[in-house]
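K.L.:
Encoded as C-alpha cells, here's the structure I'll be asking about.
The values are calculated or read from the model by the stated rules, or taken from the named source; none is laboratory data. Treat the numbers as computed from the prediction; the structure is a model and nothing was measured. Methodologically, a virtual Cβ is constructed for each residue, glycine included, from the backbone with ideal geometry; neighbour enumeration extends over all protein chains shown. When the accessible area is computed, the model is the full protein with side chains, heavy atoms only, and any ligands, DNA or RNA have been set aside. Shrake-Rupley method; radii C 1.70, N 1.55, O 1.52, S 1.80 Å.
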Amino acid sequence: MTTTPLTVGDHLTDLVIEPISRTTLALFAGASGDHNPVHIDSDVAASAGLDDVFAHGMLSMAYLARLLTDNFGIDNVRSYRTRFASITPVHGQPTCRGVVREVSEVDGERLATLDLTVELSDGTTTMLGEAVISLD
Amino acid sequence: MGLTTDLIGTSRPGGTLLITRSRLRFFARATGQSDPVFIDEAAARRAGHRDLPVPPTFFFSVDLEAPDPFAYLDALGVDLRAVLHGEQEFVYHRTAHAGDELSSSTVVTDVYDKKGGELQFMVTETPIVDQDGKRVVTMRNTLVVRQLAGVGA
C-alpha cells in the first residue's frame, strides 16, 4: 500500500492503464458476465451505427477501483460512484486520477472524500466519480 | 413501448452467484489487477481476509448472473444496442469473499427523459445480500437509452 494522503488537495499517484485491446474486452466480457455484443462484436457495433466496439463502462470503473484499493485497501472503501461521461473506444488508454476533496470525522471515524476522474490520452474525460474512504 | 414512469416502484429478480476463487482471478486478469490480495489466497489471509476478497465493482456481475440478464430490456421494447451506462454507485456494508453466495434483486426508483425524449433514463436500486441474508452492498444504476438514428429497431 502506498502512503495514505490525509490532506485536502493531495493527489494520488496516477494509475496509467495499457491501451485497451479487443482481447481485454473479450476477457472482461467473460469475467464480468456482461456479454452485451456491442463491446465485443464489431458487426453488432456497426449495426448500431457505431464505428467500432467500445469498452464496458464497468471496465473503466474497475480500473479506477484499483486506484482506491492500491492506496487504501478494500476494507476501507465505504462508497464509490461514477458518472460515465463519454465512451472509451477500443485502443483508448485510460489514466485514473484521484484527489482528496474533504477530510471529515463522522461518528468518530475519519473519512476522506475523493474526486475521481478517468481520462484518455487524447484528453477526453470518460468518467467522473467520487469515493468515501475510511482513514482509520 | 420503452421506458415510462409506470415502471417506478416495480421490481425484478436478479441473479445468484457463488463466488469462486477462479472467477475472482479471471476478473483480476481482465482488469489488470496485480495486487496479490485479489489473486493469491495466502496473501489475502496475510492481509486479514478469510479468503480472496471481492473487488469493489465485481458485485455488478452478481446481477448479470440471471439466466438472461438483458431480457427485461427486451420485454420493455428497449434495443440493447441503444443502451448506455449513465451512472453507477456502490455503497459497501461489509467485505465479501470467495465462498460467499451473493444474490441481487432490483427495484426501479426513477424514470425520466432529456432532450425532448431523445435520451431516456432509468434509475434502479439493487441490494446484494449474502447466503445469510446480510446486506453486503447496495448498488444504484442509471441506464440511458439513446435513439438509434436510421437503425431499424
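K.L.:
Quick check on my filter: what residues within the stretch A:70-109 are closer than 19 Å to A:Leu135 by Cα, touching a residue at least 12 places away in the same chain (Cβ under 8 Å) and small (Gly, Ala, Ser)?
P.N.:
Correct list: A:Gly73, A:Ser79, A:Gly98.
Residue-wise test of (1) more than 15 Å from the chain's Cα centre (by Cα); (2) open to solvent by 60 Å² or more (accessible area, probe 1.4 Å); (3) not polar (S, T, N, Q).
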residue: B:Gly77; (1), (2), (3): yes, no, yes
residue: B:Phe90; (1), (2), (3): no, no, yes
residue: B:His93; (1), (2), (3): yes, yes, yes
residue: B:Asp100; (1), (2), (3): yes, no, yes
residue: B:Ser103; (1), (2), (3): no, no, no
residue: B:Lys114; (1), (2), (3): yes, yes, yes
residue: B:Asp132; (1), (2), (3): yes, yes, yes
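K.L.:
Pairs, please: C-beta under 6 Å, at least 6 apart or cross-chain, first residue over 20 Å from A:Ile20 (Cα atoms) and in the stretch B:18-39, second part of a helix (DSSP H, G or I)?
P.N.:
The qualifying pairs are B:Pro36/B:Ala43; B:Val37/B:Ala43; B:Val37/B:Ala44; B:Phe38/B:Ala28; B:Ile39/B:Arg25; B:Ile39/B:Ala28.
K.L.:
Then there is this: Quick one: B:Leu76 ticks every box in (1) touching a strand residue (DSSP E or B) at 6+ places or on another chain (Cβ under 7 Å); (2) in contact (Cβ under 8 Å) with a residue 60 or more places away in the chain; (3) more than 9 Å from chain A (Cβ to nearest Cβ) bar one, so which box is it?
P.N.:
Among (1) touching a strand residue (DSSP E or B) at 6+ places or on another chain (Cβ under 7 Å); (2) in contact (Cβ under 8 Å) with a residue 60 or more places away in the chain; (3) more than 9 Å from chain A (Cβ to nearest Cβ), the lone unmet condition for B:Leu76 is (1).
K.L.:
Still on this model: Among the candidates A:Val90, A:Val103, A:Val44, A:Val77, which residue alone is open to solvent by less than 10 Å² (accessible area, probe 1.4 Å) and either within 7 Å of another protein chain (Cβ to nearest Cβ) or aliphatic (A, V, I, L, M) (or both)? Outline the logic, then answer.
P.N.:
Details: A:Val90 fails: open to solvent by less than 10 Å² (accessible area, probe 1.4 Å); A:Val103 fails: open to solvent by less than 10 Å² (accessible area, probe 1.4 Å); A:Val44 fails: open to solvent by less than 10 Å² (accessible area, probe 1.4 Å).
Testing whether each residue is open to solvent by less than 10 Å² (accessible area, probe 1.4 Å) and either within 7 Å of another protein chain (Cβ to nearest Cβ) or aliphatic (A, V, I, L, M) (or both) leaves just A:Val77.
K.L.:
Applying the selection to the stretch B:49-73, what residues are more than 8 Å from every other protein chain (Cβ to nearest Cβ) and within 18 Å of B:Arg21 (Cβ to Cβ)? Quick ask: steps written out before the conclusion?
P.N.:
Restricting attention to the stretch B:49-73, the residues satisfying the condition of being more than 8 Å from every other protein chain (Cβ to nearest Cβ) are B:49-52, B:54, B:59, B:62-63, B:66-68, B:71-73.
Across the stretch B:49-73, the qualifying residues are B:His49, B:Arg50, B:Asp51, B:Leu52, B:Val54, B:Phe59, B:Val62.
K.L.:
With respect to A:His11, is the statement that it is more than 12 Å from chain B (Cβ to nearest Cβ), open to solvent by 40 Å² or more (accessible area, probe 1.4 Å) and under 25 Å from B:Arg25 (Cα atoms) true?
P.N.:
Considered against the rule, which asks whether it is more than 12 Å from chain B (Cβ to nearest Cβ), open to solvent by 40 Å² or more (accessible area, probe 1.4 Å) and under 25 Å from B:Arg25 (Cα atoms), A:His11 comes out as no.
K.L.:
Looking at (1) at pLDDT 95 or above; (2) open to solvent by 20 Å² or more (accessible area, probe 1.4 Å); (3) closer than 23 Å to B:Gly32 by Cβ, can you tell me which one A:Cys96 breaks?
P.N.:
Condition not satisfied by A:Cys96: (2).
K.L.:
Could you tell me whether any residue of the stretch A:32-39 is more than 7 Å from chain B (Cβ to nearest Cβ) and surrounded by fewer than 20 Cβ atoms within 10 Å (Cβ to Cβ)? Spell out the reasoning first.
P.N.:
Here is the first cut: in the stretch A:32-39, the residues more than 7 Å from chain B (Cβ to nearest Cβ) are A:35, A:37, A:39.
Adding the requirement that they be surrounded by fewer than 20 Cβ atoms within 10 Å (Cβ to Cβ) leaves A:35, A:37.
Looking through the stretch A:32-39, at least one residue is more than 7 Å from chain B (Cβ to nearest Cβ) and surrounded by fewer than 20 Cβ atoms within 10 Å (Cβ to Cβ).
K.L.:
Same structure, new question: How many residues are open to solvent by less than 60 Å² (accessible area, probe 1.4 Å), closer than 17 Å to B:Leu102 by Cβ and aliphatic (A, V, I, L, M) if we restrict to the stretch B:5-46?
P.N.:
Residues meeting the conditions: 3.
K.L.:
Which of the residues belonging to the stretch A:48-74 are out of contact with any Leu (no Cβ under 9 Å at 6 or more places or on another chain), more than 7 Å from chain B (Cβ to nearest Cβ) and open to solvent by less than 60 Å² (accessible area, probe 1.4 Å)?
P.N.:
A:Leu50, A:Asp52, A:Ser60, A:Gly73
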